[in-house]
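The structure appears right after this line, and notes come after that.
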Amino acid sequence: MNVAGGSDPEFVFELRTCRWAEREWPPTDDGGVRPAIVARQLGTERRRWDTIVVEVDPEGLRRRRRFGPRRLDSDLLDVIPHAPADWTWYRDALPDPGYPWRYVRESIHRADDRGILDVRKRDNRIQIRRKWAYPDWVERIVAVENKPDLSASAARDLAPQLEYDVALSLADEVWVATRATAESVEPALLERLPVEAGILTLDSRDGDAEVEWFPRNLDADAPGTRILERGEETEYGTTAGRFEYADPDWKRAKRLEIAERAYETGWRDYAETMRPDCRHFELGRDGRALLPWCSATDCHQTSAACSGSCPEFSPEPPQWRTRGWPIEGGPGKGIRRLLADRRERNRPE
Ligand code: SF4
């Protein structure tokens, strides 16, 4: 029996990398402890990373928790970190957002509804006051690109993406994770990847990883360069590339947005884009990770295949969801709850 899309080794590898990072970060021998949150598929409009490790300050993270488990999106981040200690007219308190103030008012009311900002009206003016100071909780952001089979052609495709990351320096470190081979020299080391990118090899049997090459620290606080177009070799010479300047304020705001999204979703959010309410959906143990498994196809299904249009999709019978069988809300909801519980349990203290 086959399902459109079938098994995706990259998807499964990505989840294994996330699980490894959650247990073992950082991959150094210095015994240093760096509490971290792991997430997947986050980035910017132009560039999405497979695995993201957000290293956190534990005290800052503890104070971040007061704002609840949901992320502060970019609009809320234009308000909450600037909210004053005393009642102030919002336009005096907040920096000019660069877009109409009416949108800021909407964000203020959203923050009020979420109970994370004090809001009142005086003399027909909206005044705000912070409930708590928004903490400085993000220490470093590490991007990991997963390529289980790093063939020469995969490396050729990957190199420009890593060069983009290094030039922009939005993350503090960039890594490539690939499957360990039995070779004496890992083939990944022989490929032409930027020297600034680290290389990790992951053993698919026990889920452990080895560092083959340490990355260089990128300067995330400095201006970055966006590579918009690469120059090309032609028979008449080399064409010009196109670049754009990325200013440090944009980078700072983007990093915080990414960290906030990572905080909300973690890496087990894959169930949100799949069909755990299908009677064939299972969670299979894979070493130290729980990975989605489809009993209809006997493989790890992709999130693209595991949808309502899957030919084998078979919704849970309604009676499974009633009378508390066997877990309140039915197995689909139970799986979502189990993954959410695991995410909470694995958050750094
Ligand atoms: S779990 Fe159900 S919906 Fe998902 S791939 Fe398998 S049969 Fe299709």
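Farthest towards the positive end of the charge dipole of the chain, among the residues 202, 278, 334, is the Cα of 334, using unit charges on the Cβ of Lys, Arg, Asp and Glu.
Across all Cα atoms of region 219-284, the radius of gyration (one decimal) and Dmax (whole number) stand at 20.8, 60 Å.
Could you work out how far apart the two model spin labels at residue 34 and residue 244 are, taking each label as a point 7 Å from the Cα in the direction of the beta carbon, and quote it in nm? If labels sit at residue 34 and residue 244, their model points lie 2.9 nm apart.
Quick note on region 72-130: its Rg to Rh ratio, both from C-alpha atoms and Rh being the Kirkwood radius, is 0.91.
Phi angles across region 107-112 convert, under the Karplus curve 6.51 cos²θ - 1.76 cosθ + 1.60 with θ = phi - 60°, into 3J(HN,Hα) values of 5, 4, 5, 5, 4, 4 Hz, Gly and Pro given as x.
Distance between the 7 Å Cα→Cβ label points at residue 159 and residue 288: 3.4 nm. Averaging Cα coordinates gives a centre for region 28-58 and one for region 223-244; these two points are 30 Å apart. Strictly greater than 31 Å: what percent of every Cα pair in the chain meets that? Tail of P(r) above 31 Å: 45 percent of Cα pairs.
Potential lengthening of the chain between residue 233 and residue 216 amounts to 3.2 nm, from the contour at 0.36 nm per residue minus the alpha-carbon distance. Which residue, 38, 211, 54, has the most motion in a Gaussian network model of the chain that connects Cα atoms within less than 10 Å? Largest GNM mean-square fluctuation: 211. Positive-end ranking of 263, 296, 28 along the dipole of the chain, with charges on Cβ about the Cα centre, is headed by 263.
In a reduced charge model with +1 at each Lys and Arg Cβ and -1 at each Asp and Glu Cβ, the chain shows a dipole moment near 2160 debye about its Cα centre.
A short reminder: the numbers here are calculations on the coordinates, not readings from a lab. Just so we're clear, the structure is a prediction, and the values are computed from it rather than from any experiment. Positions of Cβ are generated from backbone atoms using ideal geometry, with glycine treated the same way; all protein chains shown enter the neighbour counts.
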